[in-house]
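Student: Here it is: the structure, laid out below.
Every number here is computed from the coordinates shown, using simple stated rules; none is lab data. For clarity, every value in this text was computed on a predicted model and none was experimentally measured. Heads up, the Cβs are rebuilt from the backbone with ideal geometry, glycines too, and the neighbour counts pull from every protein chain shown.
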Amino acid sequence: MLKFLFKTPVVPVFWTLVIQVLLCLPGSAIPQSSWLDAIHIDKIAHVILFGGLVVTWALFLNRNHFYSKQLTKFLLILFLLSTANGILLEFVQKYYIPNRSFDLFDIVADTCGAAAGFLFSFIYFSKSRSI
């Protein structure tokens, strides 16, 4: 089933679009709750979103043999692009999205998520083939 899902870029493109939409929602569209703020649910969401971004693209690229012998290089590129996307979206929020602001800790969470996706993918694909 996993191989079928990642034969085309539909899943990673969809995941990428979901991130763009969610992070460009106006602040008024985001529910406010003191207990959600207390557990920093937004930071957890950033980690999951950007970790998933790296993993979904890695699965697609691996399924289509785009990086058979250059695993580390391609995963590093995915990590850097994901992190750059997170940084860019913070500036978009600051300057273009109503009731949203720049948050350095969102960038930290995006980077941690992308790094986790990088590590997960590296370990997963390293075990499934000899590099």
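Student: How much length would be gained if the chain were fully extended between L80 and V10, taking 0.36 nm per residue of separation minus their Cα-Cα distance, in nm to one decimal? Working shown, then result.
Tutor: Numbers: separation 70, 0.36 × 70 = 25.20 nm, distance 2.11 nm.
Taking L80 through V10 to full extension adds about 23.1 nm, to one decimal.
Student: Once amide H atoms are built 1.01 Å from N in the peptide plane, which residues 5 or more positions from R100, or in another chain, come under 5 Å H to H?
Tutor: G27
Student: Sorting check: for 44-51, 55-62, which peptide has the highest mean count of neighbouring beta carbons within 10 Å, and how do the rest follow?
Tutor: Numbers: 44-51: 20.4, 55-62: 22.2.
In descending order of packing, they fall as 55-62, 44-51.
Student: Extending each Cα 7 Å along its Cβ direction at N64 and I87, get the distance between those two points in nm, one decimal.
Tutor: Distance between label points: 2.7 nm.
Student: With point charges of +1 on the Cβ of Lys and Arg and -1 on the Cβ of Asp and Glu, referenced to the Cα centre of the stretch 39-131, which listed residue (S128, A116, L59) lies farthest in the positive direction of the dipole?
Tutor: Positive-end residue among those listed: S128.
Student: Tabulate in residue order the Karplus-calculated ³J(HN,Hα) for the stretch 78-84, using 6.51 cos²θ - 1.76 cosθ + 1.60 with θ = phi - 60°, rounded to whole Hz; enter x for Gly and Pro.
Tutor: 3J(HN,Hα) across the stretch 78-84, in whole Hz: 4, 4, 5, 5, 5, 5, 4.
Student: Continuing with the same structure: Return the inverse of the average 1/r over all pairs of distinct C-alpha atoms in the stretch 55-107, which is the Kirkwood hydrodynamic radius, in Å to one decimal. It would help to have the intermediate numbers written out before the result.
Tutor: Numbers: mean 1/r = 0.0789 Å⁻¹.
Taking every pair of different Cα atoms in the stretch 55-107, averaging 1/r and inverting gives 12.7 Å.
Student: Now, a different point. Distance check, please: which entries in K7/K43; K7/K73; K7/K127 exceed 27 angstrom between their Cα atoms?
Tutor: K7/K43
Student: At a Förster distance of 35 Å, what's the computed FRET efficiency of V21 paired with L119, Cβ-Cβ distance as r, to 0.05?
Tutor: Working: r = 27 Å, r/R0 = 0.76.
After rounding, the FRET efficiency stands at 0.85.
Student: If you don't mind, there's one more thing I want to ask. Take the Cα pairs of the stretch 39-131, get the Kirkwood Rh, then feed it into Stokes-Einstein at 4 °C and 1.567 mPa s and tell me D in µm²/s. If you can, show how the numbers build up before the last one.
Tutor: Numbers: Rh = 13.7 Å.
Estimated via Stokes-Einstein, D reaches 94 µm²/s.
Student: Got a sec to turn the phi values of the stretch 13-27 into Karplus ³J(HN,Hα) couplings, 6.51 cos²θ - 1.76 cosθ + 1.60 with θ = phi - 60°, whole Hz, x for Gly and Pro?
Tutor: Working through the residues one at a time gives 5, 4, 4, 4, 5, 4, 4, 4, 5, 4, 7, 10, 5, x, x Hz.
Student: Where in the stretch 79-107 does the amide nitrogen come within less than 20 Å of the point 7 Å from the Cα of I44, taken along Cα to Cβ?
Tutor: 105-107
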